[in-house]
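Below: one structure, written as structure tokens.
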Amino acid sequence: MGFGLWLWAFGFEFTVALVTDTQEQTVKISARDFSFSYGTQTALRRINLDIRPHEIFTIIGPARSGKTTFLRCLNRMNDAIPNVRYEGQVLLDGADLFGKGVDVSELRRRLGMVFAMPVALPKSIFNNLALGPRMRGIRGKRRLSALVEESLKAAYLWDEVKDRLHESARNLSGGQQQRLCLARAMALEPEVLLLDEPCSGLDPISTRKIEEALVELKSRYTIILVTNVTAQAARVGDRTAFFLMGEMIECGATEKLFTRPDDPRTSDYITGKFG
Amino acid sequence: MTRVHPKTKEFIAKMALRGIAAVVILTLVSIVGYVIVKGVAVIDLKFLFGQPRSMGREGGVFPFIVSSIYITVISLAVSIPLGLGSAIYLTEYRAEGWATKVIRFGIDCLAGIPSIVLGLFGFSFFVKFLHLSWSLLSGGLTVSLMILPFIIRSSEEAIRAVPQSYREVAFAAGGTKWQSVTRVVLPCALPGVMTGIILAIGKCVGETASVIFTAGTSLRTPQSVFDSGRTLAIHFYLLVRETGASDMAYGSAATLLIAILSVNFTAYYLMRRFLRRVS
């Protein structure tokens, strides 16, 4: 009897261990029945999706579908809105983002974010990039320089700015500023990159440069890309989710979602019938 | 009725606006010019660094320059940290609500109090109640009450003008609120904050009513903040009222004006250099 219970417990533990172990390898971020609301508005309704490590996960959907809100939930930028309510869970490496004792600063460092409009702070290029590292206490000039150089190279911006790192970042063009923002996010040494329509204001050439950078960066980061341009999702996305009015309608391999969507609303959206 | 041609209207408007601008500039130039022209004759090194004789009818104004500097430094030292702190609290740390409204209303009331009433308050509170007696400290503290609402308001405007997206960058980079304030918001708001402070310096130096009540009118060079002292502006007032030595009065007025103007110019120059470096 005692032995049987022990065996049962052991087996149970073993299974649990096995499950979490394999999950850690295949899932980086996992939303479980995740809902988000503020005031009386429900912005996201029971989202369930898994994001795998080292993939480009794109989120498409019309305006006000909740895709940006979802992205901003992941690094808890929405905390600043009054009266927010989170329900369900979002797990990052198996740990709840909204659990007690989560260090939000550290969380935001692990999930670097790039906003829709490029925001170059009125500082030098160097100081723009060094902002995040300095805020977490990195002071050494050599360490900072190395971080700056590395992240600028990864954003394909190094060659264009290496001789004027101490000039104002505001003098850069729009496309360069957005790559600067990408570099600034990478200077945090994150695990995940959250990109919120990073090409919305850019010309096709700048867009292509950013897309090339993203495909290259996949090996180092998990990338979540929110985009209004469905073609962009089709070009760079490994898997894609379609959001509509705060709900996730469909999620799957990008190629399948674009060629054989399960839901008629998805096919309506990607063929341009609405949105 | 015939319609006036838009081009004619344009011409009239342009001329009228030019006229208004000319009137404003002329007024300014003639006031400053008049005082400086009348005063500059008595200004020399002996005037600037000498001691006054026979109640200021002769001699220099050195003690009054020292007192003015004391009052300005004390009131800025008190009101900049308090003012900037309040502005940061109101804009960054406190959501708009009844509390901010009450605080802002209080600030506006403080700004609306005539300086002579503040002088009376300074006299009964700092001079009598806190036993600071007539001293530069009492005077500086009283003047700081006067410029505090001004510094809060101008800093608040400057901080509010910093785009929200800058703060988001700081937060998204893992910054705390305080880090976003010190590393992103304040550096961007600095020109606006500085402008407020520069204008406040002018108010400090030129203040008379409240300082007479609190810092006194001693003719001696103050040795510490606990000494009584007479600022340039008060000296000017007393010269005209009590001695009738108008050339000496214009001399101190010109000194005052030149001092304020040079403070303004240096501050703007430094600020422009600073701005060119950062943006």
Which numbered condition B:Met194 misses (of (1) away from chain A (no Cβ under 14 Å); (2) closer than 30 Å to A:Leu131 by Cβ; (3) open to solvent by less than 30 Å² (accessible area, probe 1.4 Å)): (3)
Every residue from segment A:155-182 that is touching an Asp or Glu at 6+ places or on another chain (Cβ under 9 Å) and assigned to a helix (DSSP H, G or I): A:Trp158, A:Val161, A:Lys162, A:Gly174, A:Gly175, A:Gln176, A:Arg179
A:Thr58 vs. criteria closer than 15 Å to A:Val226 by Cα, open to solvent by 20 Å² or more (accessible area, probe 1.4 Å), among the hydroxyl-bearing types (Ser, Thr, Tyr) and in contact with a strand residue (DSSP E or B) (Cβ under 7 Å, 6 or more places away or on another chain): no
Restricting segment A:112-127 to residues that are in contact with a Cys (Cβ under 8 Å, 6 or more places away or on another chain), in a loop (DSSP other than H, G, I, E, B) and more than 8 Å from chain B (Cβ to nearest Cβ), the residue that is surrounded by the most Cβ atoms within 10 Å (Cβ to Cβ): A:Pro118
Criterion (under 15 Å from the mean Cα position of the chain (by Cα) and either part of a strand (DSSP E or B) or closer than 25 Å to A:Gly175 by Cα (or both)) met by exactly one of A:Ile224, A:Ile249: A:Ile224
Residue satisfying condition, being under 22 Å from B:Ala233 (Cβ atoms), open to solvent by 20 Å² or more (accessible area, probe 1.4 Å), in contact with a helix residue (DSSP H, G or I) (Cβ under 7 Å, 6 or more places away or on another chain) and at pLDDT below 90, within set B:Leu148, B:Leu132, B:Leu137, B:Leu141: B:Leu132
Residues that are open to solvent by less than 30 Å² (accessible area, probe 1.4 Å), out of contact with any strand residue (DSSP E or B) (no Cβ under 8 Å at 6 or more places or on another chain) and within 17 Å of A:Met117 (Cβ to Cβ), drawn from segment A:203-252: A:Ser206, A:Thr207, A:Ile210
Close pairs from segment B:149-171: first within 10 Å of chain A (Cβ to nearest Cβ), partner among the small types (Gly, Ala, Ser), Cβ under 7 Å, at least 6 apart: B:Val162/B:Ala189; B:Arg167/B:Ser180; B:Ala170/B:Ser180; B:Phe171/B:Ser180
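Would segment B:88-109 turn up any residue that is of a type in the set (A, V, I, L, M, F, W, C), touching a strand residue (DSSP E or B) at 6+ places or on another chain (Cβ under 7 Å) and either surrounded by 14 or more Cβ atoms within 10 Å (Cβ to Cβ) or not assigned by TED's automatic domain parsing to the domain that holds B:Arg153 (or both)?
no
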Test: B:Ser138 is over 20 Å from A:Arg109 (Cα atoms), away from chain A (no Cβ under 14 Å) and touching a Phe, Trp or Tyr at 6+ places or on another chain (Cβ under 6 Å): yes
Residue in segment A:89-105 that is within 14 Å of chain B (Cβ to nearest Cβ), part of a strand (DSSP E or B) and touching a strand residue (DSSP E or B) at 6+ places or on another chain (Cβ under 8 Å) present: no
Residue count for segment B:221-275, restricted to those that are open to solvent by 80 Å² or more (accessible area, probe 1.4 Å), hydrophobic (A, V, I, L, M, F, W, C) and either outside the structural domain of B:Val66 (by TED's automatic domain parsing) or modelled with pLDDT under 85 (or both): 1
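The values are calculated or read from the model by the stated rules, or taken from the named source; none is laboratory data. In this text, all values refer to a predicted model and were calculated from it rather than measured experimentally. Note that each Cβ is placed from the backbone with ideal geometry, even for glycine, and that neighbours are counted across all protein chains shown. The accessibility values were calculated without ligands, DNA or RNA, using every heavy atom of the protein model including side chains. Shrake-Rupley method; radii C 1.70, N 1.55, O 1.52, S 1.80 Å.
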